[in-house]
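Working notes, structure below.
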């Protein structure tokens with residue numbers, strides 16, 4: 001089963017408590033930014049999810065402390081993996097303001113359409129981190145530099161493969177690049193990458 005791009009790159013999930021962590025989570029309530037981030041992530045393209053994973057990878061421990069606690073509370077059996085149903089139930093029962101059941105179910109449906117039924121710790125960070133942290137230009141440039149492993153100034157199918165592993169075929173990766181490639185040369189510049197993360201459609205240059 002696909003667990004998402006971030007699980008291929010970021011740190012292993014933290015150790016989780018074995019007591020009734022879910023009850024503890026509900027008592028603390030889920031930050032509304034977490035709920036909004038998860039819903040936005042579900043609606044994002046596969047390439048945007050991968051880009052967010054690359055950005056979240058560079059987060060400092062203090063930036064993710066609260067999210068780490070939330071993940072651990074949900075992951076009460078300590079597997080390091082959450083089912084999407086667990087996440088949806090937590091959003092319905094623990095979010096303030098509450099998330100409607102139909103909205104939570106719609107989020108699960110969008111993930112399942114991509115063949116995904118679970119989420120690891122790293123992908124949870126990519127989905128739930130505050131966008132104000134993820135989307136600063138220095139953070140984006142740092143993430144882009146990590147993806148541009150060969151130093152060409154572009155993201156290509158091979159460099160995207162290094163992030164996403166064997167989750168997708170080369171043709172699928174090329175298709176993801178094509179969707180955001182402003183000059184249709186088969187690679188992504190920093191401006192293309194920034195547009196993906198910020199949700200801006202590419203401005204295709206005239207040939």
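Throughout, read-outs are computed from the coordinates displayed, never taken from laboratory work. These figures come from a predicted structure and were not determined experimentally. Note: ideal-geometry Cβ built from the backbone for every residue, glycine included; neighbour counts use all protein chains shown.
Structure values in brief
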quantity	calculated
Average Cα contact separation per residue, segment 111-206, under 8 Å, 6 or more apart, as relative contact order %	20 percent
Calculated SAXS-style log₁₀ I(q)/I(0) at q = 0.20 Å⁻¹ - segment 75-136, Debye, Cα scatterers	-0.89
Contour minus Cα-Cα distance for residue 184 and residue 45 (0.36 nm per residue)	48.2 nm
Residue-span extension gain [residue 113 to residue 198] - 0.36 nm each, minus C-alpha spacing	28.3 nm
Relative pair counts by distance (%), Cα atoms of segment 137-198, 5 Å bins	4, 20, 30, 28, 15, 2, 0
Footprinting exposure proxy for 142, 123 (fewest neighbouring C-beta atoms within 10 Å first)	142, 123
Taking 96, 110 and counting other C-beta atoms within 10 Å, the order from fewest to most	96, 110
Residues residue 169 and residue 33, FRET efficiency given R0 of 41 Å [Cβ-Cβ distance, rounded to 0.05]	0.75
Inter-probe distance in nm under a simple model that places probes 7 Å from Cα toward Cβ, at residue 79 and residue 60	3.5 nm
